[in-house]
1. Is it true that some residue in the range 188-203 is open to solvent by less than 50 Å² (accessible area, probe 1.4 Å) and modelled with pLDDT of 85 or more?
2. When you check Cys474 against the structure, is it part of a loop (DSSP other than H, G, I, E, B), at positive phi and free of Cβ contacts under 8 Å to residues at least 60 places away in the same chain, yes or no?
3. How many residues does the range 243-274 hold that are open to solvent by 30 Å² or more (accessible area, probe 1.4 Å) and touching a strand residue (DSSP E or B) at 6+ places or on another chain (Cβ under 8 Å)?
4. So which residues in the range 539-569 are over 30 Å from Cys612 (Cβ atoms), of a type outside the set (A, V, I, L, M, F, W, C), touching a residue at least 40 places away in the same chain (Cβ under 8 Å) and part of a loop (DSSP other than H, G, I, E, B), if there are any at all?
5. For the range 239-252, enumerate the residues that are out of contact with any Pro (no Cβ under 9 Å at 6 or more places or on another chain), in contact (Cβ under 8 Å) with a residue 40 or more places away in the chain and farther than 11 Å from Tyr142 by Cβ.
6. Against the definition (surrounded by 13 or more Cβ atoms within 10 Å (Cβ to Cβ) and part of a loop (DSSP other than H, G, I, E, B)), how does Thr651 come out, yes or no?
7. Select from the range 57-74 the residues that are closer than 22 Å to Cys459 by Cα and in contact (Cβ under 8 Å) with a residue 40 or more places away in the chain and list them in ascending order.
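The values are calculated or read from the model by the stated rules, or taken from the named source; none is laboratory data. Just so it is clear, the model here is predicted, and its values are computed rather than measured. Using ideal geometry, Cβ is built from the backbone for each residue, glycine included, and neighbour counts are taken over all protein chains shown. Areas reflect the complete protein model, heavy atoms only, side chains present, ligands, DNA and RNA absent. Shrake-Rupley method; radii C 1.70, N 1.55, O 1.52, S 1.80 Å.
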Amino acid sequence: MDVRLLLISVLLGLSRAQLDGNECTKASAQSCGECIQAGEKCGWCTDEDFLKQGEQKSTRCDEIEALIKKGCSKASIEDPRGTVTVNKNQSLTDRTQDGVKLKPDQITQIQPQKLTLDLRSGEAQTFNLTFKRAEDYPIDLYYLMDLSYSMKDDLENVKNLGTDLMFEMQKITSDFRIGFGSFVEKTVMPYISTTPAKLLNPCTSDQNCTSPFSYKNVLSLTADGSQFNNLVSKQQISGNLDSPEGGFDAIMQVTVCANQIGWRNVTRLLVFSTDAGFHFAGDGKLGGIVLPNDGKCHLQENMYTMSHYYDYPSIAHLVQKLSENNIQTIFAVTEEFQPVYQELKNLIPKSAVGTLSSDSGNVIKLIIDAYNSLSSEIILENSRLPEGVSISYISHCKNGVSEKGENGRKCSNISIGDQVTFEVAVTAKGCPSKGKSETIKIKPLGFTEEVEIVLNFICECECHEDGIPNSPACHFGNGTLECGACRCNEGRIGRVCECSKDEVRTEDLDANCRMDNGTDICSNNGDCVCGTCECKKRDNPEERYSGKFCECDNFNCDRSNNKLCGGHGRCECRKCICDANYTGSACDCSLDPSTCLASNKQICNGRGTCECGVCKCTDTKFQGPTCEICPTCPGVCTEHKDCVQCRAFGTGDKKDTCEKECSYFNLIIKKKKEELPQPNDQPYINHCKERDANDCWFFFTYATKNDSTVEVHVAEELECPSGPDIIPIVAGVVAGIVLIGLALLLIWKLLMIIHDRREFAKFEKEKMNARWDTGDNPIYKSAVTTVMNPKYEGN
């Protein structure tokens, strides 16, 4: 927002939303249909007399509250609302119902099954979808295996897979079918060797291998596990040159060749077993194959015949086809390629990755674990949405867990019999260009059931059907009168289609838009269209230009307290129309005297007049909101003290002139001060406490009644000070002197003790430091005398 605009908004008290306008007024809608597509809050006023002179046709489109404020009745406002209708709502079922085992297509796991939504632009329509995993739901499993030479030992273990897997899956479902397919690589260089000998046996001379092939459907889905074992046991390993395999070609054919594979509308599992990576779209160029994969079935005699013609499919293409055909993929790969297939799993919804042992010995456990993981997660997916339509999900899963956004599409850890709910909201923005009705579908990934949703778009108002073509109200039939306004025929413009487009800018018509033959067209506040002023719109939708020449507005009136018309009126053609009890150019003068009422219920305390809700004091010494303050006046208590004292007690300075000067109030005697009136007893009362000549306190109240009479209540009981008690005072002084003396003696004694201890410590320290040397003592003589024998010769 511009700094100047922000400053203006602060001064005028406008919000950011007001300055920016709203989506209804910004749309400049010329018809009711255009208006309701602008936003969910927009309404269209159909009252033919709604528009004021100079206002544009688009003024009919605004928010509902704004239209009502402008004078449009609720009954005249078109505001269609969207609806949700449930067309098919079968109850959720299990496989067995009332002791009868249902067919797969009779099982219901999601509810409701079909809805119709009437969508108004910008208004979300919300409904709930409930999902429940059915018990004993049928399963089709297709085992797709890499038969390149490195998978030789794996093939031996898979040969007995049929009956063993059938036995384990019987614990999950009583209706299980299994199929088998194999793949190697595209049969062109450089993926395989095309020499005649290698085409017959791609392995070394001592190994017996079958000819290379792209994909082969060995066994369509069957409930006979022994047949699986017999056919798989006859399979032979093949070979190729490069490490990545052509598994994507095989996955595509298994997915789209539903009839040949034998897929039913049940849970579909595809187990992809390999010990190598994969080729994808673009890799076919190495073999001179440039045509993109067409995503169609090309099986002849159970062999993929177009591997040399079409490139490998892309990952996105596979995701699309797997989703369309409700196939859940289990990647059974060796540990070496786990990271690669984990990344692939993240791109393919409802897929799982398991670690295959070097000889595929753990394949059954891998399949069971992967199936349990996939079936315990519910992910909702919707078909492509029409232009301008959006959809959002909120999941309500087990244990009260709710998620929004992308996580709102899914629920995890769902067991058989668990029921979860998804709250789905569909919102349209405008109307699609193709038509007024579209159909979308929502389904749980990996399941064949889906919810059909018919979207009907509310593109026109109900009053559109009642339009009168070539109506005389539209300038001799030059338009259709619908929803209170004219929708002009091609080539005609104007509020009532009164002009053709060729006449819009003629000088004669412009002259009709100048006020008082002036030079300004539409007062510079509008455009001249067909000789009629159409006033400009303001950024703030609350502000409008109006009038024949756009000379009026509702925002340039006088202000008070930074509010237009003081907040007590409305601005019409630059003049304030005041509310009741207000007057003045800015409606700032209140005619309500309640603001001048003093606490004694008198207007300005009887000392002034009330003008525009403010007291004007007639006596200049009084001031305040209700003329209650007099800085130079003595207090009420002091002013009436002498009169109260003389009348109640017969004392005081006015006791001799009491009857003459002090008869202006009614005196009421009370026994004690507690019996005097309290503030809540009367509207306005003064409590007084004054001293007499004997230094005694007397108490009274002074109050002015509504009839201007004065009432004084006096307490007979005085409060006189008593004389001092000498004995406690003398005793206290003596005791204080004694205590101070004892304290001084104790302090002196304490200081002497400290001094003595310091001196003694100093003496002890000097004693310890003393050092005596005999050589330094002049009076010291040794007790030993040494005499030398002169005759001694040392023998």
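1. Yes.
2. Considered against the rule, which asks whether it is part of a loop (DSSP other than H, G, I, E, B), at positive phi and free of Cβ contacts under 8 Å to residues at least 60 places away in the same chain, Cys474 comes out as no.
3. Total meeting the criteria: 3.
4. Asp539, Pro541, Gly547, Lys548
5. Keep residues of the range 239-252 that are out of contact with any Pro (no Cβ under 9 Å at 6 or more places or on another chain), which gives 243-247, 250.
The next check asks that each one be in contact (Cβ under 8 Å) with a residue 40 or more places away in the chain; those that pass are 245-247, 250.
Once the filter is applied, which keeps residues that are out of contact with any Pro (no Cβ under 9 Å at 6 or more places or on another chain), in contact (Cβ under 8 Å) with a residue 40 or more places away in the chain and farther than 11 Å from Tyr142 by Cβ, the range 239-252 yields Glu245, Gly246, Gly247.
6. When the stated conditions are applied, Thr651 passes them.
7. Scanning the range 57-74 gives Lys57, Ser58, Thr59, Arg60, Asp62, Glu63.
Conditions tested, residue by residue: (1) in the same structural domain as Val266 (by the TED database); (2) modelled with pLDDT under 90; (3) open to solvent by 10 Å² or more (accessible area, probe 1.4 Å); (4) not in a helix (DSSP H, G or I).
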residue: Asp105; (1), (2), (3), (4): no, yes, yes, no
residue: Leu115; (1), (2), (3), (4): no, no, no, yes
residue: Leu129; (1), (2), (3), (4): no, no, no, yes
residue: Leu141; (1), (2), (3), (4): no, no, no, yes
residue: Asp153; (1), (2), (3), (4): yes, yes, yes, no
residue: Asn157; (1), (2), (3), (4): yes, yes, yes, no
